[in-house]
Amino acid sequence: MSTRRRNCPECRREIAVVAGRFARHDPPGARGSGELVSCPGSRRPAQLGAAQPTLDGYAVPEFPGQLPLF
């Protein structure tokens, strides 16, 4: 299962959003000199609604009170 993607506010690339933050990524063309450089948008909080609710994709529906046992 793939994670949702949003455009990074810094480099405008489509980046995965995990746990409400953009995944760490390099800016476009950053490897030309061989240095390891992260985009300033890496690990930045993503806009609301951008993160997937759970890692496995299963969300428990909200029920008032106790859930049925069977």
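The values are calculated or read from the model by the stated rules, or taken from the named source; none is laboratory data. Everything numeric in this text was worked out from a predicted model, so none of it was measured. Methodologically, a virtual Cβ is constructed for each residue, glycine included, from the backbone with ideal geometry; neighbour enumeration extends over all protein chains shown.
For this structure, a couple of remarks:
- Taken over the stretch 14-31, the criterion of being touching a residue at least 24 places away in the same chain (Cβ under 8 Å) and assigned to a loop (DSSP other than H, G, I, E, B) is satisfied by A19, G20.
- Residue count for the stretch 21-42 under the criterion of being surrounded by 14 or more Cβ atoms within 10 Å (Cβ to Cβ) and at pLDDT 80 or above: the result is 9.
- Test for R12: is it at positive phi, modelled with pLDDT of 75 or more and either exposed (fewer than 10 other Cβ atoms within 10 Å of the Cβ) or of a type in the set (D, E, K, R) (or both): yes
- Taking the criterion of being acidic (D, E) and either under 22 Å from the mean Cα position of the chain (by Cα) or modelled with pLDDT under 70 (or both), the only residue of the stretch 43-70 that qualifies is D56.
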